[in-house]
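Below is one structure, written out as structure tokens; comments come after it.
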Amino acid sequence: MTIDDRIVLGIETSCDETAAAVVLGGRTVLSNVIASQHDLHAEYAGVVPEIASRAHAERILPIVRRAISDAGVRSGDLHGVAVSNRPGLIGSLLVGVAAAKALAWSLGVPVVGVDHVRAHLLAGCIGRGGGGVGHVPPPPTFPALGLVVSGGHTSIYFCRTATDVVRVGATIDDAIGEAYDKVGTVLGLAFPGGPNLDRLARTGSAAKPGFPISRLGPESLDFSFSGLKTAAIYAYKGVPEDERTRAKREARGEPAHPTLSAPDVAATFQEAAVATVILKLERALDRYPAAVTLLVGGGVSANSLLRERLSGKGGGLGSRRRLDVRLPEMEYCLDNAAMIAALGSLTLAERGWVGDDLTMTAAPTTAAL
Ligand code: KG4
Ligand code: ZN
């Protein structure tokens, strides 16, 4: 039996989404069930770890059952169970890991722990098969560059294969989605601010000169978004002044620093955030000219301007640099278990369908395992 005939259940509980999915052959999504907890965390404008773990514990079994029944299979048809076991909120990860190990052990199939961030890289390589619903993209060609842009990560990878992946750049402060969410909160948008800021930006115009684009060292592939976040907040709220500075400015007869409207702040912020990502990808392509594919994933890959600028059409990065750009379908941009099942299937296939032993556990950071 090749990987093409194998059915794997994926489980995802690393942050505030409880998700389960069934995937055939590492690419064909048979079911993809996601229960978001956004309503539970909205009043705190951020994810509260204890609330997240409790909600996962309540939801995990019904979600797994639904994923199996939506897929039209029985639990006895599964050939393996994959679970995101790093990085993430430890209490949340442990709920998924415990469920995955118990289920795999009771079914007598292998269980495999996979890295959530690396799984995001496969989100543009999976799809629904048949029935006119979506399509299954062809397998990607390697070597590839990878870009993960999410609420917790902003990283660039060099991928020799889907499982042989090295991180070559990462944020040194805020993740891009975190900057979107924080600026969104200051602009009075509902949490998570990212998608709402994206919509608002379409109604404003980007100011000239724009907000700062962080370059770091001349060849750096790392990111920094905290300066951009501060620039956006000051542009909306005004630059803070102590009494002496204000008195001096007023003595010079200068007006207070002008502020921008919320839609214009959103448009200027979005323009700079996306330009930062494109700049670092251009540098990465100069450093790794052999890359023929760009794998993209993470919540911010749903962003309308980023998709436009990355695309293989028009003047997008893909067409300029002759890259096969794998933008995920919307349902696979955000945290989901189909991408976990996809990476789990490839990992198990490489290992001859031998799973992790039952000492496999969760870790809050990738480095800890
Ligand atoms: O991948 P994800 O679901 O969770 C993490 O692993 O972090 O990403 C969630 C992030 C949030 O910060 C959310 O605001 C952001 O993705 N996001 C967006 C858009 N849709 C979701 N950011 C900008 N534009 C969007 N359209
Ligand atoms: Zn994620």
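The values are calculated or read from the model by the stated rules, or taken from the named source; none is laboratory data. Quantities reported herein were computed from a predicted structural model and do not represent experimental measurements. For neighbour counting, all protein chains shown are included, and Cβ atoms are generated from backbone atoms with ideal geometry for every residue, glycine included.
When you check ALA42 against the structure, is it outside any strand (DSSP E or B), within 14 Å of ligand 1 (Cβ to nearest atom) and more than 23 Å from VAL148 (Cα to Cα), yes or no? It is true that ALA42 is outside any strand (DSSP E or B), within 14 Å of ligand 1 (Cβ to nearest atom) and more than 23 Å from VAL148 (Cα to Cα). Assess whether ASP173 counts as being part of a helix (DSSP H, G or I), within 23 Å of VAL117 (Cα to Cα), away from ligand 2 (no atom under 16 Å from the Cβ) and among the charged types (D, E, K, R). When the stated conditions are applied, ASP173 does not pass them.
Considering only residues in the stretch 72-109 that are free of Cβ contacts under 8 Å to residues at least 12 places away in the same chain and of a type in the set (Gly, Ala, Ser), the one that is nearest to ARG59 (Cα to Cα) turns out to be ALA98. Among the numbered conditions (1) out of contact with any helix residue (DSSP H, G or I) (no Cβ under 9 Å at 6 or more places or on another chain); (2) assigned to a helix (DSSP H, G or I), the only one that ILE60 does not meet is (1). None of THR203, THR163 is outside any strand (DSSP E or B), of a type in the set (Val, Ile, Thr) and under 30 Å from LEU40 (Cα atoms) except THR203. Among the residues here, LEU197 qualifies as near ligand 1 (Cβ under 7 Å from one of its atoms), touching a residue at least 12 places away in the same chain (Cβ under 8 Å) and within 23 Å of SER261 (Cβ to Cβ). Would it be correct to say that ALA206 is touching a Cys at 6+ places or on another chain (Cβ under 9 Å) and either of a type in the set (Gly, Ala, Ser) or farther than 20 Å from ASP335 by Cα (or both)? Criteria not met by ALA206. Condition first: away from ligand 1 (no atom under 16 Å from the Cβ) and either part of a helix (DSSP H, G or I) or in contact (Cβ under 8 Å) with a residue 40 or more places away in the chain (or both). Can you find one or more residues in the stretch 298-318 that meet it? Yes, the stretch 298-318 contains a residue that is away from ligand 1 (no atom under 16 Å from the Cβ) and either part of a helix (DSSP H, G or I) or in contact (Cβ under 8 Å) with a residue 40 or more places away in the chain (or both). When the residues of the stretch 149-175 are filtered to those that are hydroxyl-bearing (Ser, Thr, Tyr) and closer than 16 Å to LYS280 by Cβ, the one that is nearest to ligand 1 (Cβ to nearest atom) is SER150.
Which of the following residues is at pLDDT 95 or above, under 23 Å from the mean Cα position of the chain (by Cα) and closer than 21 Å to ALA362 by Cβ: GLU17, GLU12, GLU50?
Details: GLU17 fails: at pLDDT 95 or above; GLU50 fails: at pLDDT 95 or above.
Every option except GLU12 fails the conditions.
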